[in-house]
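Below: one structure, written as structure tokens.
The values are calculated or read from the model by the stated rules, or taken from the named source; none is laboratory data. Everything numeric in this text was worked out from a predicted model, so none of it was measured. Note that each Cβ is placed from the backbone with ideal geometry, even for glycine, and that neighbours are counted across all protein chains shown. For the accessible areas, the whole protein counts, side chains as well, though only heavy atoms, and no ligand, DNA or RNA atoms are used. Shrake-Rupley method; radii C 1.70, N 1.55, O 1.52, S 1.80 Å.
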Amino acid sequence: MAADFTQRKEAWARKMQERGAHRLAERSTDRLPPGQHLASGFPVLDLGIHPKVKLEEWKLEIAGEVEVPLTLSWAELVEMQQDQRTSDFHCVTTWSKYDCAWSGVPLVDLLDRLRPHEGAQYVFYTSYDGYTTNTLVEDWTHADALLATHFEGKPITLEHGAPARIVIPHLYAWKSAKFVRKIEFLSAEQLGYWEKRGYSNTADPWLNDRFAETARSYLP
């Protein structure tokens, strides 16, 4: 399943790149980003692997170019200040979902504890299913960006990334890593799973910023 899904998305990236589907020159101000449509439900798109991690065994390591590395157990995570944020969710495959109520630890609060080094510009995420992705450090300062544990008042379900996932709603949803296991702050850019396969590093939905400007040399 994972291989088939990856191949379909790689093919789509190649097709769009061949058509010249590049980011817009000006950022849209519409609530619904260009090329998106509203979904009636909450579709599930991932690598097809849903790791079942016992809460007593779960941990999140946050390290790299930071003054105070953290390794959080589940008990330590849920003891932290939990806030709710309502935001829209935009998948690169063109569907969007409005008014998603996530609860968790604001990423900007974690930044305060971690104190990234001056040279730290990038963040690299690794998940329990082997998935990886990347963002900029500045994406953590967005008011709605969370390390989320709950959705619509209930614990996040396994298919949506339990027990904890990243939610960065101002970027396309592949940047919001499910099943997050490790987060590294880096001074040099490192490409993640989809970024290696032709997808954008910056991933701004309102710029239609779905794909790399040119295909990666290792894109099949």
In nm, give the distance between the simple-model label positions of Gln81 and Ser40, each being 7 Å from the Cα along the Cα-to-Cβ direction. 4.2
Suppose a student asked you for the relative contact order of the chain, using Cα pairs under 8 Å spaced at least 6 residues apart; what percent would you report? 26
Antiparallel bridge percentage (DSSP; both residues within the chain; nearest 5): 85
Residues of the chain: accessible area per residue with a 1.4 Å probe, Å²: 47
To the nearest 500 deg cm²/dmol, what mean residue ellipticity at 222 nm is calculated for the chain from DSSP H runs of n ≥ 4 alone, each contributing -39,500 (n - 2.57), summed and divided by the residues? -4000 deg cm²/dmol
Kirkwood Rh over alpha-carbon pairs of the chain, then Stokes-Einstein at 37 °C and 0.692 mPa s: what D in µm² s⁻¹, rounded to an integer? 185
For the chain, the dipole about the Cα centre with charges only on Cβ (Lys and Arg +1, Asp and Glu -1), to the nearest 20 debye, works out at 840
Quick one: helix 2-18 against the long Cα principal axis of the chain, what's the angle to the nearest 10°, folded into 0 to 90? 50
Sparsely packed GluC sites (Glu not before Pro) within region 38-145, loop by DSSP, other Cβ within 10 Å at most 12: Glu56, Glu57, Glu67, Glu118
Tally up the carbon and sulfur contribution to the accessible surface of the chain as a whole percent, 1.4 Å probe, everything protein left in place. 49
Got a sec? Charge dipole of the chain, +1 on Cβ for Lys and Arg, -1 for Asp and Glu; which of Ser87, Leu111, Trp140 is way out at the positive end? Ser87
Within the P(r) computed for region 122-220, what percentage of the Cα pairs occupies the region above 17 Å? 52
